[in-house]
Structures are given as structure tokens and as C-alpha cells.
1. Please determine whether any residue of the range 134-144 is surrounded by fewer than 16 Cβ atoms within 10 Å (Cβ to Cβ), in contact (Cβ under 8 Å) with a residue 40 or more places away in the chain and basic (Lys, Arg).
2. Would you pick out the residues in the range 73-93 that are open to solvent by less than 60 Å² (accessible area, probe 1.4 Å) and either outside any loop (DSSP other than H, G, I, E, B) or not polar (S, T, N, Q) (or both)?
3. Quick check on this structure: which one of VAL123, VAL113, VAL99 is at pLDDT 90 or above and in contact with a Lys or Arg (Cβ under 8 Å, 6 or more places away or on another chain)?
4. Of all residues in the range 127-183, which are part of a strand (DSSP E or B), of a type in the set (A, V, I, L, M, F, W, C) and closer than 30 Å to ASN53 by Cα?
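The values are calculated or read from the model by the stated rules, or taken from the named source; none is laboratory data. These figures come from a predicted structure and were not determined experimentally. All Cβ positions, glycine included, derive from the backbone under ideal geometry; neighbour counts span all protein chains shown. Ligands, DNA and RNA are stripped out before the accessible areas are found, and what is left, the full protein with its side chains, is counted by its heavy atoms. Shrake-Rupley method; radii C 1.70, N 1.55, O 1.52, S 1.80 Å.
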Amino acid sequence: VKWGRDLNTGRTKAKVSGKPILILFQEVPGCGTCRNYGNKVLSHPLIVEAIQNEFVPVAIYNIKGGSDAAVLREFGEPSWNNPVVRVVDYEKKDLVKRVSGNYSQLGMVKAMVMALQAKGRSVPAYLDILFQELKAERSGTEIAVFAMYCFWSGERALGKMAGVVATEPGFLQGGEVVKVDFD
């Protein structure tokens, strides 16, 4: 993610664009939790794309002085905390509950989806699909295999159904089938 480092610049961009500001409060270089959050959550290509395209990203370093420390005080964030994400409007009002203690891809994506909805912005299809997939992974999925006369058309039809997380065409005992992973 190409993080901005100045909240006031981010606020100006947010006011002009209508995008929410996604603020990452994090230690740099950081503890193991901070590094894992960067490597496992903030490096997911679809999460990166959503942050860069749908939000104004701003990083505030917890262990720096100056303007970083001033923003920490303004938001009541401690200088010793693990990663925290706040999604705010250009007036610095929270759009969703502060994300803290949930260091999962699902926690980040849920906050992004809910913030976009709270701001009245559309949620990109890829982000909604990722959200549904991560929720299904968390709650568990089931698998069914359907025999088809043509797995390409069957895969297309089954993939459109609510609750379907993934489809996979293939052959079983010489016939065409579609494996469906659903919640």
C-alpha cells in the first residue's frame, strides 16, 4: 500500500474525492504482531487494491514524535499499541468501529465494506466476493459435486448462486462434473 504520512493532506484528498480515510496506527518496524499484520493482511493483493482505490490511506507511526504523536493524542491511541485501523471521513468522524485486536483479513475487509456502505459508496464486486469468501472460510464450508452435460455452463450457473464460494470443473468417471464449495 502506498501510505500517505500526513493526515491533513489525507483529509484534503478525502474531501475532494469523497473517499473515506483509512488510518493505520502501527509501530515501525514493529513487533511480531505488526509485522504479521503487514505480511498476512496488508499484503493481500485485493486488500491492497481496495485500500488504494477506495480509500485515502494514511499511516501513523506509534513510536514517532511530531505530527504522528499529535495524531495519536487526537484519536486517543496509545503509543505502544498493536496495529489499529480507523476509518474516518474527512472531518475525522469514525465511519465504523475501531479495528483493534482482530488481526485477520476478515477483520480488515469487514471494516472496509462497512465503511464504504456507511459513506454511501458502492462496494466493488471483488471486495464483496472476498468478504463473502473470508466469512465462509471462518464459518466453514461444504462441498457438493454435480454431474453436468457441460461443466462450463454448469459452473457458470452454479457460481452465480448465493452462498457459493468457489466452483471447479472437472471429470468424474468419464463424465463432466462441477465441484461446488458453499457456505
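1. Within the range 134-144 (the criterion being surrounded by fewer than 16 Cβ atoms within 10 Å (Cβ to Cβ), in contact (Cβ under 8 Å) with a residue 40 or more places away in the chain and basic (Lys, Arg)), the answer is yes, since at least one residue qualifies.
2. PHE75, GLU77, PRO78, PRO83, VAL84, VAL85, ARG86, VAL87, VAL88, ASP89, LYS92
3. Of the residues listed, the single one that is at pLDDT 90 or above and in contact with a Lys or Arg (Cβ under 8 Å, 6 or more places away or on another chain) is VAL99.
4. Once the filter is applied, which keeps residues that are part of a strand (DSSP E or B), of a type in the set (A, V, I, L, M, F, W, C) and closer than 30 Å to ASN53 by Cα, the range 127-183 yields VAL164, VAL165, ALA166, PHE182.
Per-residue answers, yes or no, for (1) at pLDDT 95 or above; (2) among the basic types (Lys, Arg); (3) open to solvent by 10 Å² or more (accessible area, probe 1.4 Å):
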position	(1), (2), (3)
THR9	yes, no, yes
LYS15	yes, yes, yes
ILE21	yes, no, no
VAL56	yes, no, yes
ILE63	no, no, yes
VAL71	yes, no, yes
